[in-house]
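Visitor: Just dropping this structure here.
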Amino acid sequence: MTAVALAAVDVAGPPLRERLGRALSDTWNLTRRDMKIWTRNPAFLVFAIVQPVMFVLLFRYVFGGAIQVQVPGGYVNFLMPGIIAQSAAFASFGTAIALARQMQRGVIDRFRSMPMARSAVLLGRLVADSFRMLVTLLVILAVGYAVGFRFENGVLPGVLMMLLGLAFGVAVCTVSAYVGLAIRDEESVGSFGLIWLFPLTFVSAAFVPVSSMPGWLQAFANNQPVTIVIDEMRHLALGGALVEGAWQSAAWLAGVLLVFVPLAVRSYRRA
Amino acid sequence: MPDREPAGWDGPAILVEDLHKSFGEVQALRGIDFSVERGRVLGLLGPNGAGKTTAVKVLTTLLAPDRGRALVEGRDVVRSAAAVRELIGLAGQSAAIQEELTGRENLEIMARLYHLGRTEARRRAGELLALFDLADAADRPAKGYSGGMQRRLDLAASLVARPAVLFLDEPTSGLDPRSRIGMWAVIRELVAAGTTLLLTTQYLEEADELADEIVVIDHGRVIAAGTGEQLKGRIGGDVVEFVVVDPGRLAAAVDAVASLGDGEPTVEAGDGRVAIRVGSRGSESLVLTVRQLDAAGIRTEGLGIRRPSLDDVFLALTGHGAEADSAPAERRSRRRPRAEAGVTRRDGTR
Ligand SMILES: Nc1ncnc2c1ncn2[C@@H]1O[C@H](COP(=O)(O)OP(=O)(O)OP(=O)(O)O)[C@@H](O)[C@H]1O
Ligand SMILES: [Mg+2]
């Protein structure tokens with residue numbers, strides 16, 4: 001149509017300070033938005049509260065009697081760190097579903113067409129989901145206390161155990177964020193997007209001692225990150241060697257973040 | 001009026017040059033060029049899979065082109081993407097609203113994300129809700145909105161920051177005829193306020209209603225451009241159409257009416273449909289057609305006259321119908337296929 005060589009206008013972006021300020025306020029606005037959406041959605045409430053509580057009760061009273069463990073206080077003390085980690089991991093389901101849905105409906109496209117910090121959508125999501133996860137974990141802890149669980153190692157290690165559980169959940173959330181953004185389809189994410197979480201959490205030390213599994217499975221169960229993190233949480237809650245597990249856990253969580261944050265960011269940008 | 005009047009550029013509001021974009025094997029855009037003057041409306045018209053959404057995505061900084069360039073108010077959509085985002089509004093092909101939130105919350109959050117202050121955000125949301133006739137439903141979750149209301153809310157969201165250039169990707173897809181006409185009225189008001197608008201559509205009628213200029217694309221290429229009148233002129237005005245009941249008599253029917261139209265009648269052998277372009281000699285040609293067919297003893301169904309549709313544009317320009325595209329069947333089937341003919345006829349009698 002036109003062959004006129006019109007030179008584009010070059011525009012300097014806002015200074016770094018302003019960009020950082022915007023990134024913070026964008027993230028916070030999206031966090032609030034995501035939390036508000038969560039409170040409006042009854043399904044999420046069931047998923048975040050009712051289901052984990054049911055898990056605690058089922059394992060405590062149905063399977064618990066059949067599982068032999070060597071920890072002070074018996075199975076309920078063995079169970080709680082495991083179930084807290086497992087619930088934190090499964091809380092990431094909400095992350096994947098929400099991102100896939102927003103992708104599918106064009107919400108992410110709209111955000112990407114707006115003068116918003118690129119990091120804000122993912123960060124806001126993670127912050128909101130961490131709050132949600134914290135609520136879940138505190139509810140589970142309260143139920144755990146009601147059914148006999150006790151921190152045997154003092155308050156500070158107990159708090160650290162909760163924080164480690166939360167950090168583990170956030171790391172899993174970044175994997176789920178990537179899965180949700182990559183699959184982009186709410187239904188597919190809902191039906192198989194998080195299937196990988198089942199073997200990872202169940203073939204671990206979460207619910208039963210690894211020594212009760214067949215030998216070939218033990219090799220996997222003993223060395224996979226979920227077991228490493230849960231063992232460390234157990235040591236924090238009940239006492240025992242701490243240092244080596246702490247390093248290993250930290251290394252695994254950092255590794256997951258290092259791999260999946262860039263992957264998630266990339267699929268967000270390419271959306 | 002748009003707040004964010006950009007400076008330092010006196011070229012067109014949108015300039016697209018030699019734009020290419022492929023997805024693996026699929027060449028969605030194969031070199032398109034067009035421009036839109038400030039304050040004007042461009043209708044990007046094309047069938048499923050033509051490349052409309054791809055073009056909109058490139059222009060709104062969502063996709064990087066493989067080749068060519070696109071400028072919005074002189075800002076390059078790749079190199080100055082952040083600056084482009086300050087100027088544009090986008091309402092994509094599906095209503096990008098958050099169903100759990102109320103209409104008001106949806107708009108207020110958008111306003112906050114456009115960095116409006118709290119009070120200003122509240123004010124702007126209220127203003128838009130009133131403008132889009134959503135005030136009564138403002139504090140109900142958007143989940144309960146009708147399709148038309150959700151679309152209006154989506155459009156309102158794209159206007160929160162008073163964009164200088166607005167992109168609407170099939171703003172009326174999925175709406176019933178009445179909501180569609182309501183949407184047209186809303187869009188016309190926007191345009192009257194001076195916003196530059198690019199909208200995509202599959203319907204000539206819609207482009208004709210709303211756009212100052214129409215660019216027809218097909219398989220990633222521009223195949224025609226001009227005003228609605230110019231395009232319809234190229235097609236040759238009205239169309240007389242009928243279906244031959246006995247497939248064996250199709251050739252005879254074409255012979256019988258061959259002399260009545262401008263150019264050869266077009267024939268769809270599949271369902272025995274014959275279309276004759278008759279320019280402005282509508283009713284006269286209709287009568288002649290009936291006489292000729294009757295004289296030849298050919299039985300027909302659905303004989304009638306209609307305004308040209310997108311299909312006719314495509315037949316006239318490319319020799320193939322608008323449906324004959326390479327989009328995967330799954331994409332196409334999401335759509336209402338030809339039901340639009342209804343709208344065409346309704347308005348044709350206006
Ligand atoms: N992300 C993608 N990956 C692969 N192919 C794609 C992608 N997006 C679009 N395409 C293909 O590119 C072509 C143009 O698609 P586009 O969505 O731009 O068409 P459209 O004109 O908007 O069609 P519709 O009317 O169906 O919305 C189609 O063949 C489509 O299948
Ligand atoms: Mg499209």
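Visitor: If you take the residues of the range B:66-75 that are open to solvent by 20 Å² or more (accessible area, probe 1.4 Å) and within 8 Å of chain A (Cβ to nearest Cβ), which of them is nearest to ligand 2 (Cβ to nearest atom)?
Guide: In this case the residue turns out to be B:R69.
Visitor: Taking B:E241 as the residue in question, decide whether it is without any contact (Cβ under 8 Å) to a residue 24 or more places away in the chain and of a type in the set (D, E, K, R). Break it down into steps so the answer makes sense when it comes.
Guide: Working: without any contact (Cβ under 8 Å) to a residue 24 or more places away in the chain: no; of a type in the set (D, E, K, R): yes.
Considered against the rule, which asks whether it is without any contact (Cβ under 8 Å) to a residue 24 or more places away in the chain and of a type in the set (D, E, K, R), B:E241 comes out as no.
Visitor: Using the structure shown, decide if B:I32 is modelled with pLDDT of 95 or more, in the same structural domain as B:A224 (by TED's automatic domain parsing) and touching a Gly at 6+ places or on another chain (Cβ under 8 Å).
Guide: Considered against the rule, which asks whether it is modelled with pLDDT of 95 or more, in the same structural domain as B:A224 (by TED's automatic domain parsing) and touching a Gly at 6+ places or on another chain (Cβ under 8 Å), B:I32 comes out as yes.
Visitor: Then there is this: Would you mind telling me which numbered condition in (1) of a type in the set (S, T, N, Q); (2) surrounded by fewer than 19 Cβ atoms within 10 Å (Cβ to Cβ); (3) under 22 Å from the mean Cα position of the chain (by Cα); (4) over 18 Å from A:G144 (Cα atoms) A:Q70 fails?
Guide: Answer for A:Q70: the failing condition is (3).
Visitor: Would you confirm whether or not the range A:100-111 contains a residue that is within 14 Å of chain B (Cβ to nearest Cβ), open to solvent by 10 Å² or more (accessible area, probe 1.4 Å) and of a type in the set (A, V, I, L, M, F, W, C)?
Guide: yes
Visitor: Out of curiosity, is B:G43 more than 8 Å from every other protein chain (Cβ to nearest Cβ), on the phi > 0 side of the Ramachandran plot and not charged (D, E, K, R)? Reasoning before the result, please.
Guide: Values: more than 8 Å from every other protein chain (Cβ to nearest Cβ): yes; on the phi > 0 side of the Ramachandran plot: no; not charged (D, E, K, R): yes.
Taking the combined requirement at face value, the residue does not satisfy it.
Visitor: For B:K57, only one of the following conditions fails: (1) away from ligand 1 (no atom under 16 Å from the Cβ); (2) within 12 Å of chain A (Cβ to nearest Cβ). What is its number?
Guide: (1)
Visitor: To continue, here is another question. Could you tell me how many of the residues in the range B:87-125 are at the interface with chain A (Cβ under 7 Å from one of its Cβ atoms), in a helix (DSSP H, G or I) and buried (at least 23 other Cβ atoms within 10 Å of the Cβ)?
Guide: Within the range B:87-125, residues that are at the interface with chain A (Cβ under 7 Å from one of its Cβ atoms), in a helix (DSSP H, G or I) and buried (at least 23 other Cβ atoms within 10 Å of the Cβ) number 2.
Visitor: Would you confirm, using the coordinates I've provided, whether B:R277 is touching an Asp or Glu at 6+ places or on another chain (Cβ under 7 Å) and in contact (Cβ under 8 Å) with a residue 24 or more places away in the chain? Write out each step before concluding.
Guide: Values: touching an Asp or Glu at 6+ places or on another chain (Cβ under 7 Å): yes; in contact (Cβ under 8 Å) with a residue 24 or more places away in the chain: yes.
For B:R277, the condition - touching an Asp or Glu at 6+ places or on another chain (Cβ under 7 Å) and in contact (Cβ under 8 Å) with a residue 24 or more places away in the chain - is met.
Visitor: Also: Going residue by residue through the range B:17-28, is there one that turns out to be of a type in the set (D, E, K, R), within 14 Å of another protein chain (Cβ to nearest Cβ) and surrounded by fewer than 20 Cβ atoms within 10 Å (Cβ to Cβ)?
Guide: yes
Visitor: Right, next: Answer with yes or no whether A:M114 is within 14 Å of another protein chain (Cβ to nearest Cβ), farther than 16 Å from A:V170 by Cα and open to solvent by less than 10 Å² (accessible area, probe 1.4 Å).
Guide: Against the criterion (within 14 Å of another protein chain (Cβ to nearest Cβ), farther than 16 Å from A:V170 by Cα and open to solvent by less than 10 Å² (accessible area, probe 1.4 Å)), A:M114 qualifies.
Visitor: Give the range B:126-144 a look and list any residue that's within 14 Å of chain A (Cβ to nearest Cβ) and either in contact (Cβ under 8 Å) with a residue 12 or more places away in the chain or not in a helix (DSSP H, G or I) (or both), or say none.
Guide: If the condition is that a residue be within 14 Å of chain A (Cβ to nearest Cβ) and either in contact (Cβ under 8 Å) with a residue 12 or more places away in the chain or not in a helix (DSSP H, G or I) (or both), then B:D139, B:R140, B:P141, B:A142, B:K143 are the ones that fit.
Visitor: In addition: Do the conditions hold for A:R60, that is, is it within 8 Å of chain B (Cβ to nearest Cβ), in a helix (DSSP H, G or I) and either touching a residue at least 40 places away in the same chain (Cβ under 8 Å) or of a type in the set (A, V, I, L, M, F, W, C) (or both)?
Guide: Against the criterion (within 8 Å of chain B (Cβ to nearest Cβ), in a helix (DSSP H, G or I) and either touching a residue at least 40 places away in the same chain (Cβ under 8 Å) or of a type in the set (A, V, I, L, M, F, W, C) (or both)), A:R60 does not qualify.
Visitor: Among (1) of a type in the set (A, V, I, L, M); (2) within 16 Å of ligand 1 (Cβ to nearest atom); (3) modelled with pLDDT under 50; (4) assigned to a helix (DSSP H, G or I), which single condition is B:A339 missing?
Guide: (4)
Visitor: Okay, moving on. For the range B:168-177, does any single residue satisfy the condition of being more than 12 Å from every other protein chain (Cβ to nearest Cβ), farther than 24 Å from B:G49 by Cα and free of Cβ contacts under 8 Å to residues at least 40 places away in the same chain?
Guide: So far as the range B:168-177 goes, no, none of its residues is more than 12 Å from every other protein chain (Cβ to nearest Cβ), farther than 24 Å from B:G49 by Cα and free of Cβ contacts under 8 Å to residues at least 40 places away in the same chain.
The values are calculated or read from the model by the stated rules, or taken from the named source; none is laboratory data. A quick note: this is a predicted structure, and the numbers were derived from the prediction, not measured. In this analysis, Cβ positions are derived from the backbone assuming ideal geometry, glycine residues included, and neighbour counts consider all displayed protein chains. When the accessible area is computed, the model is the full protein with side chains, heavy atoms only, and any ligands, DNA or RNA have been set aside. Shrake-Rupley method; radii C 1.70, N 1.55, O 1.52, S 1.80 Å.
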